Amino acid sequence: FEVSKKAILESLLLQIQHQIDSPPKNPSLRTLHTLDEDLSLSLNSCPKEGFSLPKDVSVTLVIQCSMDRIWLLRETCTRWPDPIVLVVYIPHDTIKDITVRSILLDPIADIVTNCPQMKVLLHIHGSDDDPADSSSYPVNVMRNKGLDAVSTSHILIMDVDLIPSADLSHVVKDNLMDQIAIANHSLIASGGNEKGIEEIPINAVVVPAFERKVHPPCEDIESCQNYLKEDPNFLPSLFNDLKECADNKNCIVFQEDMNWEGHHTTESKKWLKSEWYE
């Protein structure tokens with residue numbers, strides 16, 4: 001069902017007031033050393049062993065960002081139909097004046113109005129009693145806050161400036177279902193899995209990341225927005241579009257021109273050539 005922008009804005013305003021009145025506790029740390037404690041704080045924390053297959057395998061996109069990058073979510077929402085959890089960084093000093101809160105939150109409400117699959121969590125950084133360093137950005141705290149809100153079988157953590165391909169949600173789910181089928185076939189063949197309950201293997205799926213080069217480079221946010229407005233195909237939508245973009249030297253492996261080791265082990269160039277198996 002469709003939710004009005006006004007209702008979304010009111011919900012976001014309530015979030016702010018609630019956090020001011022009752023500052024939230026720190027989310028689960030999600031480290032190898034805190035597994036037991038994390039499970040007591042968040043039911044979806046990483047299990048130590050395999051877990052049973054739920055009724056449906058689905059993936060939640062978990063994203064954190066600051067207000068100046070909210071506009072990027074418009075493109076992500078058109079490409080990712082499954083659940084999205086967005087955690088937004090809000091400096092405390094920007095919401096002190098109650099009269100300007102609606103203006104501050106309007107861009108978020110505008111995006112969510114056309115993105116019903118997205119759940120927004122606001123993260124107010126600092127307080128009157130404990131003013132936080134305005135230069136700090138608590139990325140791990142925000143990421144964990146988003147993870148605690150996930151209710152699907154799997155998650156994909158992604159920076160806001162990484163835009164998914166139009167079929168990524170389907171490709172990821174197909175890959176996961178293949179892994180589950182292979183793992184359970186092996187169990188049956190070896191005489192295991194007597195209860196007939198399918199198990200989900202604890203594996204990670206690696207999604208290659210690419211970078212769209214622009215000429216001339218963006219000078220500010222508005223100039224970056226213009227690239228998308230002027231050319232709907234500016235960002236590749238599907239695999240063949242990405243391949244064409246790379247062949248034309250307009251797309252490269254993420255940061256390979258300045259940090260070639262960063263994504264080297266992903267072997268993205270081999271993947272782009274359809275060399276998917278060793």
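Looking only at the stretch 269-278, residues that are open to solvent by 50 Å² or more (accessible area, probe 1.4 Å) and in contact (Cβ under 8 Å) with a residue 24 or more places away in the chain come to 1 in all. Restricting attention to the stretch 196-218, the residues being free of Cβ contacts under 8 Å to residues at least 24 places away in the same chain, of a type in the set (A, V, I, L, M) and loosely packed, with under 12 Cβ neighbours inside 10 Å number 1. Taking the criterion of being open to solvent by 80 Å² or more (accessible area, probe 1.4 Å) and touching a residue at least 24 places away in the same chain (Cβ under 8 Å), the only residue of the stretch 239-268 that qualifies is Lys249. The residue of the stretch 17-34 that is modelled with the highest pLDDT, among those that are among the aliphatic types (A, V, I, L, M) and within 22 Å of the chain's Cα centre (by Cα), is Leu29. Residue-level check: of (1) exposed (fewer than 15 other Cβ atoms within 10 Å of the Cβ); (2) free of Cβ contacts under 8 Å to residues at least 12 places away in the same chain, Ile221 misses just (2). Consider the stretch 63-119 and keep the residues that are in a loop (DSSP other than H, G, I, E, B) and of a type in the set (A, V, I, L, M, F, W, C). The one that is modelled with the lowest pLDDT is Ile95. Take the stretch 120-133 and flag every residue that is more than 21 Å from Thr60 (Cα to Cα) and either among the aliphatic types (A, V, I, L, M) or at pLDDT 95 or above (or both). Ile124, Ala132 - these are the residues of the stretch 120-133 that are more than 21 Å from Thr60 (Cα to Cα) and either among the aliphatic types (A, V, I, L, M) or at pLDDT 95 or above (or both).
Within the stretch 134-168, being assigned to a helix (DSSP H, G or I) and modelled with pLDDT of 95 or more holds for one residue alone: Leu168.
The values are calculated or read from the model by the stated rules, or taken from the named source; none is laboratory data. Quick caveat: nothing in here was measured; it's all calculated off a predicted structure. Note: ideal-geometry Cβ built from the backbone for every residue, glycine included; neighbour counts use all protein chains shown. SASA here: full protein model, heavy atoms, side chains in, ligands and nucleic acids out. Shrake-Rupley method; radii C 1.70, N 1.55, O 1.52, S 1.80 Å.
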